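Student: The structure's right below; bear with me while I get my questions together.
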Amino acid sequence: MLLRQHRRLPSLDVFRGLVIACMLLVNGLPDFAGAYPVLLHSPWEGITLADFVMPGFIFAMGTAGALHLAKYGRNRENDIFGRITRRSLILILLGLFLSQMPLILQHFFTPGGASAGLLAQIIDHGRVLGVLQRLGLVYFCGMILAWGLERNSLLNTMAFLLLLLSSVCFHLYDTSSPFSPTDNISMVIDGIFPGAAHCYMGGNFDPEGLYGTIAATASMLFGIMAGRHLTVDNAPVFERVGKMILHGSVLLLAGGLWSYMDIICKNLWTAPFALLTSGFCMWLLALLEISFSFMPDFMGWLCAPWRWLGKNALLFYILPEVVLMTLWQVHTASEMPLYPWLWSVTLKGIGNIPLSILLFTLLWICLWLPLAKYLHKHDILFKV
């Protein structure tokens, strides 16, 4: 199969930008209790808008990975393996740093926090896993598999085998209640590594735990398939996009059928969750690609803000997170965190509470657009 040489796809940049905007929307809520439910992660079973953010990141990473492999081919094996390993390690290290930010900020901004040893707090309670750590692990596993499996049929089969493995092990662990929110195979593994003291919010379960990496890698492989569809040499746009729409439809159908056996759960990254989110991402990217192919000028104008964000997706994941954590950690004289205080003195009185929360979060997104535009205009890219 001949693939086009690596090039920036406007559709992929916009796709990434939409995912970043959704992430900013979900993470930037000043009051989670009063927000529209669709903006909150599903507590366990089910799916909301917020639950599409992480699958979107992984799917886009897979699509970009296919372009990366197309650029370097298969003649420089050591170089490609080194690049994959380096990028994975950088993502994991960045994630480890970001995971310790809450403890670092508490150390400096909480009264009495500076008296306790920061290093000791990190060793005893620092979170080991997280979003970027999962991205790093999934990137390494997905790229190695894609590097070794040239044929699309083999790559697609491997993705379904990973989902089957994940699903079967859930059922083998507990045949009566395999997806219990209090006891399942993913929680058992989290208890072994990283251990309850190092899980999210100090609980006995981490939503980015190791076990979910199995099915999340399948999500990346579907993203790689999308990248291969988009970059087939000499294929007309309708053929490339048609394959993506067909593939996405199969994933949606498979996810719907699989949901009769397994629950749809982002926290566990179950097989139906991986299939449904990947199918939706496949459809969205296909629609963006065909729109850019036939209306490049109009789409370029309409989607400009999302393309700005998408060109520096990693930066606009990390930087707003650090700023948000700081705004939540700094308190006003009335002991209220600064971020919700800003909402309370600006937009809280506009409409009802959920609407004012949404408007404030949209404003939060808009605040990052000037920086994104500046970086785009000067062609400044932050990437690993």
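The values are calculated or read from the model by the stated rules, or taken from the named source; none is laboratory data. All of these numbers come straight from a predicted model, not from anything done at the bench. For neighbour counting, all protein chains shown are included, and Cβ atoms are generated from backbone atoms with ideal geometry for every residue, glycine included.
Student: Of the residues Leu89, Leu119, which single one is at pLDDT 90 or above and surrounded by fewer than 16 Cβ atoms within 10 Å (Cβ to Cβ)?
Tutor: Answer to the selection: Leu89.
Student: Out of the residues in region 231-271 meeting the condition of being among the acidic types (Asp, Glu) and either under 30 Å from Asp183 (Cβ atoms) or assigned to a loop (DSSP other than H, G, I, E, B) (or both), tell me which one is modelled with the lowest pLDDT.
Tutor: The qualifying residue modelled with the lowest pLDDT is Asp233.
Student: Here is a further query. Hey, among the residues in region 314-347 that are among the aliphatic types (A, V, I, L, M) and more than 28 Å from the chain's Cα centre (by Cα), which one's modelled with the lowest pLDDT?
Tutor: Among those that are among the aliphatic types (A, V, I, L, M) and more than 28 Å from the chain's Cα centre (by Cα), it is Ala333.
Student: Considering each residue of region 288-303, count those that are in a helix (DSSP H, G or I) and surrounded by fewer than 16 Cβ atoms within 10 Å (Cβ to Cβ), and give that number.
Tutor: Here the count works out to 7.
Student: OK, next. Residues being buried (at least 16 other Cβ atoms within 10 Å of the Cβ) and within 17 Å of Met23 (Cα to Cα): count how many of those fall in region 340-368.
Tutor: 8
Student: Please determine, by comparing only the residues of region 176-231 that are surrounded by 21 or more Cβ atoms within 10 Å (Cβ to Cβ) and among the charged types (D, E, K, R), which one is nearest to Ala70 (Cα to Cα).
Tutor: Applying the filter and picking the extreme gives Arg228.
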